Amino acid sequence: MRMPLVAGNWKMNTTLNEAIALVKKMRPGLDQIEGVEKVICPPFISLAPIKELLKGSSIKLGAQNMYFEEKGAYTGEISPLMLAELCQFVIVGHSERRHYFKETGEIIEKKVKAALKFGLKPILCIGETLEENEAGKTEEVLAKQLSSAGINYAGGLVLAYEPVWAIGTGRAASSRQANETIAFIRQFVSKQSGKETAQGVRILYGGSVTADNIAEFINQPEIDGALVGGASIKADEFISIVKQASDIKRVR
Ligand code: 13P
């Protein structure tokens, strides 16, 4: 049984004060929900204070990005060594990083390996653009994004299928479509790392997930949870998303 996971990617939202207020608002509701792994990914500068706030909570912390070197002259960057003191997860290869910050497959592969080396669980994001989707190239694109050699799927890595056209657009993929694509991703992992490993890897759906559509996604057999953007910085909505995931698929 794969433990469902719901992660909130706050992106570049919330000042420190706002982040603290949001966590205080979310914590009681989220702490009551069992059988689902709950992760929030606030901006870097809020990680340390939120870690303190979450003492004794079942909510886990993730970062939204990191550099792949351990330390050194890389002005402005944050390393896996630094993050390992603060959080358990790190989002890697988000389409916004690939697009705005020109992160290549090579960079992303290095980040995944560095995260695993320092005991962080990468949430590796993959997904096709609208043009690629319309050209029928979805599987080809995903295979390319996944085929970075040497990714160890057995080390706690989580995958997130986030079609670029569904991110922040209010136009989510259909749950059937997402399930089929995630089945393809699992098959691909199976070919690379064996069936047993593939059955253990959690694969999330992301892109315009809300409290109104989460149930459809989580009801699909291949979908192990969600990576939520906009709806994850609304306390009541995020709690509702996690609660529905638990009601449908919690692991006891
Ligand atoms: P939205 O939920 O705002 O569409 O964002 C999805 C996302 O990019 C999560 O990483």
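The values are calculated or read from the model by the stated rules, or taken from the named source; none is laboratory data. Computed from a prediction, not measured in an experiment: that's the story for all the values here. Note that we place each Cβ from the backbone using ideal geometry, even for glycine, and neighbour counts take in every protein chain shown.
General observations
- The set of residues in the range 83-124 that are of a type in the set (Ser, Thr, Tyr) and either at pLDDT below 95 or surrounded by fewer than 17 Cβ atoms within 10 Å (Cβ to Cβ) (or both) comprises Tyr100, Thr104.
A quick yes/no check of all residues on (1) more than 21 Å from Ile203 (Cα to Cα); (2) more than 18 Å from the chain's Cα centre (by Cα); (3) aromatic (Phe, Trp, Tyr):
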| residue | (1), (2), (3) |
| --- | --- |
| Met12 | yes, no, no |
| Leu16 | yes, yes, no |
| Lys38 | no, no, no |
| Cys41 | no, no, no |
| Phe44 | yes, no, yes |
| Leu54 | yes, yes, no |
| Gly62 | no, no, no |
| Tyr67 | yes, no, yes |
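- Any hit, the range 122-139, residues being within 15 Å of the ligand (Cβ to nearest atom), part of a loop (DSSP other than H, G, I, E, B) and of a type in the set (A, V, I, L, M, F, W, C): no
- Screening the candidates Val228, Val209, Val189, Val158 for the property of being of a type in the set (Val, Ile, Thr), within 21 Å of Met3 (Cβ to Cβ) and more than 16 Å from the ligand (Cβ to nearest atom) yields one hit, Val189.
- Ala135 being touching a Phe, Trp or Tyr at 6+ places or on another chain (Cβ under 6 Å) and either among the hydroxyl-bearing types (Ser, Thr, Tyr) or without any contact (Cβ under 8 Å) to a residue 60 or more places away in the chain (or both): no
- Selection status of Glu103, free of Cβ contacts under 8 Å to residues at least 12 places away in the same chain and not in a helix (DSSP H, G or I): yes
- Selection of first residues in the range 4-15 that are at negative phi and of second residues that are more than 10 Å from the ligand (Cβ to nearest atom) and of a type in the set (S, T, N, Q), restricted to Cβ pairs under 9 Å at least 6 apart or on distinct chains, gives the following pairs, ordered by first then second residue: Pro4/Ser246; Val6/Ser246; Trp10/Ser46; Thr15/Ser46.
- Lone qualifier among Ala183, Ala215, Ala211 - being surrounded by fewer than 16 Cβ atoms within 10 Å (Cβ to Cβ), in contact with an Asp or Glu (Cβ under 6 Å, 6 or more places away or on another chain) and either closer than 28 Å to His99 by Cα or modelled with pLDDT of 95 or more (or both): Ala183
- Any chance Arg176 is within 12 Å of the ligand (Cβ to nearest atom) and either of a type outside the set (A, V, I, L, M) or crowded, with 16+ Cβ neighbours inside 10 Å (or both): no
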